[in-house]
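**Student:** One structure follows; several queries about it will come next.
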Amino acid sequence: MQTARQTGSTGNGIKLALAWGFVGIPLVWGVVQTLLNTLKAFH
Amino acid sequence: MAVLSFLSRDHTVAAAGYSRWLIPPAALCVHLCIGQAYAFSVFNLPMTKLIGITQSAPNDWKLTELGWIFSLAIFFLGASAAVLGHWVEEGGPRRAMFTAGLCWSGGFFLSAIGVYLHQLWIVYLGYGVLGGIGLGIGYISPVSTLIRWFPDRPGMATGMAIMGFGGGAFIASPFSVWLMSRFSTPTHVGVAETFIALGMIYVCFMMVGAAIVRVPPPGWAPAGYVAPVQPKRLITTENVFVYDALKTPQFWLIWWILCLNVTAGIGVLGQASAMSQEMFRGQITAVAASGLVGLFSLFNMAGRFIWSSTSDYIGRKNTYFVFFALGTALYALVPYAGAIGSVALFVLCYAVIFSMYGGGFATVPAYLRDMFGTRYVGAIHGLLLTAWSMAGIFGPVLVNYIREYNVTHGVAPAQAYNVTMYVMAALLVVGFICNLLVKPVHERFHMRAVAAEDEVAAAPVFGSK
């Protein structure tokens, strides 16, 4: 029997940051590029 | 053999302490890569100048010939998801993601050979067939895993992954253009090298997803989550076998719900640029129209997450009621926006329409889970994606032919889209009726033995947030 508190939260925190950064950074870059192109088009 | 056992479902079971919030990034590793499909058009123009370099030579490929690459990929997406859905479900997410990565990147490598040898059939075979199979397997690979890890928020979980499919194009489009600019020379376009680079990057990215992904151990439930003892009317606790789902009216009603929602959206998606310029001549230039298309794509992506998450609170059926009722009103309002020359109203209508187009894709896996249970939801979702393939044909054909008919019968270009908008609104009314007819699946379709096993599995033994 385990609970959420018993689940090595520090190790998970690093893994989560790495995993979300791995997918989040390219996604944010792509969204920013699209927004910049959109703004350029309106100018 | 060690690799094969690493891919098996048994080796994918999460150890104690594994955080379920690692599953969405694992799914995004796959969906962000295969979402490149929406950005394939950036290669169309360069591929018409592979011989002529600065302009098309007589032996260069034509745009009409190149259009088949994307169409083939979408066809094989639907076909492979339908045919291989059961295999994906049985083998687990890691084997599926690994296979999808090999097919998807293999499609790029084969296409690079096709471009290098200037043999279009190799590109059809590469990106269209092999890549299309990678698309289909990759699209459905994380769906049931996400739903099992997030029984409390299935809409939000699948919405995150399917949002990645919309977001993949935002990365691939500028990145591909940048790569081509790096590889091009005065005597060379650089498409083949860009395909190789993309194939290498995508295979690495997708393998990371395959390595991270885990299935929950038997008996797992999120901390604090209590599985409902009394099933809600439209959320079953039973399971329906994948091929038995095809025998239910609910499957075909949801098939039409998806098909009609996508037909309406995809039809105007491809024409948004031309439509905005023709409806607002002198107000929206070609450059501004391309900016609008980018803005609509952002709403398409955001809608995937926002609407599917909302569906966890208001219910799947109500979410589709909103799509169809609000969609009908907004499609009917577009001609009025054109008549009064209100660009702001036009943009607002389209922004919401595209958010609901994306939302329709993202909410449907959770709708299937509500109807048919968790056990075969990925495979059933695969079968349902044939509705997308059909809509990919219906939508653009409807919009193009209705506009063509109007213009050849003397209707001014500014008003040529009015009938199209009313036809789309009518399609959404039909969708509304289909959604209204959705009732719980009859118990004769339930898997008795498996349901009993899952009941044991659903009992909350340990949990994590």
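**Student:** What is the one condition in (1) hydrophobic (A, V, I, L, M, F, W, C); (2) surrounded by fewer than 23 Cβ atoms within 10 Å (Cβ to Cβ); (3) more than 16 Å from B:Leu428 (Cα to Cα); (4) out of contact with any Cys (no Cβ under 7 Å at 6 or more places or on another chain) that B:Phe346 does not satisfy?
**Tutor:** (2)
**Student:** Here are some residues: B:Gly267, B:Gly378, B:Gly282, B:Gly359. Which one is at pLDDT below 95, in the same structural domain as B:Met390 (by TED's automatic domain parsing) and closer than 25 Å to B:Arg148 by Cβ?
**Tutor:** B:Gly378
**Student:** Hey, another quick one. Between a residue in the stretch B:290-305 that is facing another protein chain (nearest Cβ under 9 Å) and any residue that is hydroxyl-bearing (Ser, Thr, Tyr) and part of a helix (DSSP H, G or I), which pairs come within a Cβ distance under 6 Å, given they are 6 or more apart or on different chains?
**Tutor:** Pairs found: B:Gly291/A:Thr38; B:Leu292/B:Ser276; B:Val293/B:Ser273; B:Gly294/A:Thr34; B:Gly294/A:Thr38; B:Leu295/A:Thr38.
**Student:** Wholly within the stretch B:1-70, which helices (runs of 4 or more DSSP H) include no fewer than the required count, namely at least 3 residues that are under 24 Å from B:Gly136 (Cβ atoms) and in contact with a helix residue (DSSP H, G or I) (Cβ under 7 Å, 6 or more places away or on another chain)?
**Tutor:** Fully inside the stretch B:1-70 and qualifying: B:23-34.
**Student:** Would you pick out the residues in the stretch B:124-162 that are in a helix (DSSP H, G or I) and of a type in the set (Lys, Arg)?
**Tutor:** Matches in the stretch B:124-162: B:Arg148 only.
**Student:** In the stretch B:390-404, which residues are modelled with pLDDT of 85 or more and either in the same structural domain as B:Leu146 (by TED's automatic domain parsing) or touching a Leu at 6+ places or on another chain (Cβ under 9 Å) (or both)?
**Tutor:** B:Ala391
**Student:** Ok, one more. Is there a residue being touching a Lys or Arg at 6+ places or on another chain (Cβ under 7 Å), in a helix (DSSP H, G or I), of a type outside the set (Asp, Glu) and closer than 24 Å to B:Met207 by Cβ anywhere in the stretch B:109-123?
**Tutor:** no
Per-residue answers, yes or no, for (1) touching a Lys or Arg at 6+ places or on another chain (Cβ under 9 Å); (2) part of a loop (DSSP other than H, G, I, E, B); (3) at pLDDT 95 or above:
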site	(1), (2), (3)
B:Pro222	yes, yes, no
B:Ala227	no, yes, no
B:Gln230	no, yes, no
B:Leu234	yes, yes, no
B:Glu238	yes, yes, no
B:Tyr243	no, no, no
B:Trp252	no, no, yes
B:Ile257	no, no, yes
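**Student:** Just to be sure before I move on: is B:Val407 in a helix (DSSP H, G or I), at pLDDT below 95, of a type in the set (Val, Ile, Thr) and in the same structural domain as B:Trp255 (by TED's automatic domain parsing) in the structure I sent?
**Tutor:** In short, yes.
**Student:** Consider B:Ser105 carefully, then state whether it is over 20 Å from B:Ile212 (Cβ atoms), in a helix (DSSP H, G or I) and either within 14 Å of chain A (Cβ to nearest Cβ) or in contact with a Leu (Cβ under 9 Å, 6 or more places away or on another chain) (or both).
**Tutor:** Spelling it out, it is not the case that B:Ser105 is over 20 Å from B:Ile212 (Cβ atoms), in a helix (DSSP H, G or I) and either within 14 Å of chain A (Cβ to nearest Cβ) or in contact with a Leu (Cβ under 9 Å, 6 or more places away or on another chain) (or both).
**Student:** Taking B:Gly209, is it surrounded by fewer than 16 Cβ atoms within 10 Å (Cβ to Cβ) and among the small types (Gly, Ala, Ser)?
**Tutor:** Spelling it out, it is not the case that B:Gly209 is surrounded by fewer than 16 Cβ atoms within 10 Å (Cβ to Cβ) and among the small types (Gly, Ala, Ser).
**Student:** Let me ask another. Determine which member of the set B:Asn300, B:Asn318 is surrounded by fewer than 18 Cβ atoms within 10 Å (Cβ to Cβ) and assigned to a helix (DSSP H, G or I).
**Tutor:** Only one candidate qualifies: B:Asn318.
**Student:** Determine, yes or no, whether B:Thr310 is modelled with pLDDT of 85 or more, over 22 Å from B:Ser389 (Cα atoms), hydroxyl-bearing (Ser, Thr, Tyr) and not assigned by TED's automatic domain parsing to the domain that holds B:Phe170.
**Tutor:** So B:Thr310 fits the description; yes.
**Student:** Any residue that is among the hydroxyl-bearing types (Ser, Thr, Tyr) and touching a Phe, Trp or Tyr at 6+ places or on another chain (Cβ under 9 Å) - is there at least one of those in the stretch B:17-37?
**Tutor:** no
**Student:** So which of B:Val343, B:Val352 ends up being outside the structural domain of B:Trp68 (by TED's automatic domain parsing) and at pLDDT below 95?
**Tutor:** That would be B:Val343, the only listed residue that is outside the structural domain of B:Trp68 (by TED's automatic domain parsing) and at pLDDT below 95.
**Student:** Please state which one of B:Val352, B:Val334 is part of a helix (DSSP H, G or I), touching a Phe, Trp or Tyr at 6+ places or on another chain (Cβ under 9 Å), free of Cβ contacts under 8 Å to residues at least 60 places away in the same chain and farther than 25 Å from B:Ala82 by Cβ.
**Tutor:** B:Val352
**Student:** From the list B:Val352, B:Val287, pick out the single residue that is in contact with a Lys or Arg (Cβ under 9 Å, 6 or more places away or on another chain), of a type in the set (A, V, I, L, M, F, W, C) and more than 23 Å from B:Leu146 (Cβ to Cβ).
**Tutor:** Step by step, each of B:Val352, B:Val287 is checked, and only B:Val287 is in contact with a Lys or Arg (Cβ under 9 Å, 6 or more places away or on another chain), of a type in the set (A, V, I, L, M, F, W, C) and more than 23 Å from B:Leu146 (Cβ to Cβ).
**Student:** Could you check the stretch B:274-287 and list, in sequence order, the residues that are in contact (Cβ under 8 Å) with a residue 12 or more places away in the chain and within 11 Å of another protein chain (Cβ to nearest Cβ)?
**Tutor:** Across the stretch B:274-287, the qualifying residues are B:Ile284, B:Ala286.
**Student:** Something else: Suppose we filter B:Leu22, B:Leu28 for residues that are crowded, with 16+ Cβ neighbours inside 10 Å, under 18 Å from the mean Cα position of the chain (by Cα) and facing chain A (nearest Cβ under 10 Å); which single one remains?
**Tutor:** Within the list B:Leu22, B:Leu28, the selection yields B:Leu28.
**Student:** A further question follows. Give me the residue from the stretch B:113-150 that is among the aliphatic types (A, V, I, L, M) and within 15 Å of the chain's Cα centre (by Cα) and, out of that set, nearest to B:Tyr225 (Cα to Cα).
**Tutor:** Of everything passing the filter in the stretch B:113-150, B:Val143 is nearest to B:Tyr225 (Cα to Cα).
**Student:** Considering only residues that are of a type outside the set (Phe, Trp, Tyr) and surrounded by fewer than 18 Cβ atoms within 10 Å (Cβ to Cβ), which ones fall in the stretch B:75-92?
**Tutor:** Passing the criteria: B:Val83, B:Glu90.
The values are calculated or read from the model by the stated rules, or taken from the named source; none is laboratory data. This is a predicted model, so every value here is computed, not measured. Note that each Cβ is placed from the backbone with ideal geometry, even for glycine, and that neighbours are counted across all protein chains shown.
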